[in-house]
Structures are given as C-alpha cells and as structure tokens.
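A.B. asks: Quick one: the structure is below, and I'll ask about it shortly.
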Amino acid sequence: MSSDAPSIFTRIIAREIPADIVFESESVLAFRDIAPQAPVHLLVVPKTATYRTVGELAAGDPALLAELVTTAQRLADEHSDGQYRLVFNTGEAAGQTVFHVHAHVLGGGLAEGTLGD
Ligand code: 5GP
C-alpha cells in the first residue's frame with residue numbers, strides 16, 4: 001500500500017515536478033520517461049498512490065488496471081503503430097525504482113526476439 005513520502009510520480013501528478021505529459025484522465029496520467037530505453041518510452045501511472053505494484057493494483061482495483069492497459073494501447077496506437085512492449089517492474093531486484101505502480105510502454109523500434117532492454 002502507499003508509502004510515507006510522496007513518490008516522484010505523485011509529485012508529477014501534482015505538477016510539483018515538470019514532465020512531458022501525453023495523456024490525462026480522471027484517474028490516469030501518462031508522460032515520457034526521463035531516461036528513455038526505446039524510441040518511444042511512456043509511463044502510464046494511476047493518480048492514486050495506493051498501489052505499489054501491479055499485483056497490488058490487480059487485487060485492489062482491477063478496473064483501474066484495465067484502464068492503465070487500455071490507455072497504454074491507445075498511446076501505442078498514437079505513438080508506435082499499435083506495436084509495443086508493456087512492462088511492469090515489480091521489486092528492486094527486477095529493476096523497480098519507483099514504488100507507485102506504473103506501466104512502461106516501449107515501442108518505436110525494439111530489438112527482435114528479446115524480452116528485455
Ligand atoms: P521503474 O524502474 O520503477 O520500473 O521505472 C521508473 C521509471 O521512472 C524509470 O524508467 C525512470 O527513468 C523514470 N523516472 C524517474 N524519475 C523520473 C522523473 O522525474 N520524470 C520522468 N518523466 N521519469 C522519471
């Protein structure tokens with residue numbers, strides 16, 4: 001569940017920190033990753049800080065998880081011909097650095113036959 005200090009994403013949602021925002025709804029914000037790992041690298045984030053991981057989100061609010069995924073699809077349609085990789089890192093050992101659940105939308109030219117990078 002939510003941690004003590006506001007995450008960097010909560011601060012972006014509150015407009016305390018600037019970001020290149022590409023989509024906003026009542027419950028979701030999407031913006032460009034500051035350190036892109038692909039030609040298109042967007043982050044789709046629920047506005048609530050309640051959920052740290054995709055597993056928590058799936059258990060606690062499946063409709064919000066579905067909105068995250070449909071938003072990712074729509075953004076990939078707009079930015080990456082509808083072809084993309086959707087990544088939810090879970091846990092430090094898997095590369096999660098921000099414990100406010102978020103989907104990485106990676107596209108615009110990815111290496112063939114790989115799961116990572
Ligand atoms: P994680 O490693 O938790 O799966 O993903 C966190 C992502 O947030 C990283 O890809 C990182 O580049 C991105 N990120 C961290 N700080 C900021 C920031 O201040 N602005 C933006 N736009 N992205 C950030």
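The values are calculated or read from the model by the stated rules, or taken from the named source; none is laboratory data. The structure presented is a predicted model; accordingly, all values stated were derived computationally and were not measured. Virtual Cβ from ideal backbone geometry, glycine too; neighbours counted across all protein chains shown. Calculation scope for accessible area: heavy atoms of the full protein, side chains included, ligands and nucleic acids excluded. Shrake-Rupley method; radii C 1.70, N 1.55, O 1.52, S 1.80 Å.
A.B. asks: When the label point is put 7 Å from the Cα of Thr50 along its Cα-to-beta-carbon vector, which residues of segment 68-96 have a backbone N closer than 16 Å?
C.D. replies: Taking a point 7 Å out along Cα→Cβ of Thr50, the residues of segment 68-96 whose backbone N falls under 16 Å are 68.
A.B. asks: While we're looking at this one, here's another question. Find how much the distance from Arg74 to Thr97 grows on full extension, using 0.36 nm per residue of separation minus their present alpha carbon separation; answer in nm with one decimal.
C.D. replies: On the way: separation 23, 0.36 × 23 = 8.28 nm, distance 2.53 nm.
Difference between extended and current length: 5.7 nm.
A.B. asks: Hey, if you put +1 on the Cβ of every Lys and Arg and -1 on every Asp and Glu Cβ in the chain, which of His102, Thr10, Pro62 ends up farthest toward the positive end of that dipole?
C.D. replies: Checked the options; the winner is Thr10.
A.B. asks: Moving on. Obtain the radius of gyration and the Kirkwood radius of segment 48-87 from its C-alpha atoms and give Rg over Rh.
C.D. replies: Numbers: Rg = 11.5 Å, Rh = 10.9 Å.
That ratio is 1.05, to two decimals.
A.B. asks: Also, quick follow-up: Using the alpha-carbon atoms, what tilt in degrees (0 to 90, nearest 10) does helix 62-79 show relative to the longest principal axis of the chain?
C.D. replies: Helix 62-79 sits at roughly 40 degrees to that axis.
A.B. asks: Additional query: Take the solvent-accessible surface of the protein heavy atoms, probe 1.4 Å, and return the percent of it on the chain that carbon and sulfur atoms account for. Could you put the intermediate results ahead of the total?
C.D. replies: Working: 3410 of 6460 Å².
Within the chain, the accessible surface is 53 percent carbon and sulfur.
A.B. asks: Express the accessible area of segment 8-107 per residue in Å², computed with a 1.4 Å probe while the remaining protein chains stay in the model. Don't skip to the answer; put the middle values down first.
C.D. replies: Details: 4960 Å² over 100 residues.
Ligands and nucleic acids excluded, the figure is 50 Å² per residue.
A.B. asks: While we're looking at this one, here's another question. Dividing the alpha-carbon radius of gyration of the chain by 2.2 N^0.38 Å (N being the number of residues), what value is obtained?
C.D. replies: That ratio works out to 1.00.
A.B. asks: Roughly how big is the chain's charge dipole about its Cα centre, with Cβ charges of +1 (Lys, Arg) and -1 (Asp, Glu), in debye to the nearest 20?
C.D. replies: Charge dipole, the chain, about its Cα centre: 160 debye, nearest 20.
A.B. asks: If amide H atoms are built 1.01 Å from N in the plane of the peptide, which residues on other chains or at least 5 residues away come under 5 Å of the amide H of Val28?
C.D. replies: Lys47
A.B. asks: Between exposed GluC sites (Glu not before Pro) in the chain, where DSSP calls loop and at most 15 other Cβ atoms lie within 10 Å, what's the longest gap? Please report the intermediate quantities before stating the final value.
C.D. replies: Details: sites that count: Glu16, Glu26, Glu112.
Of all site-free stretches, the longest is 27-111.
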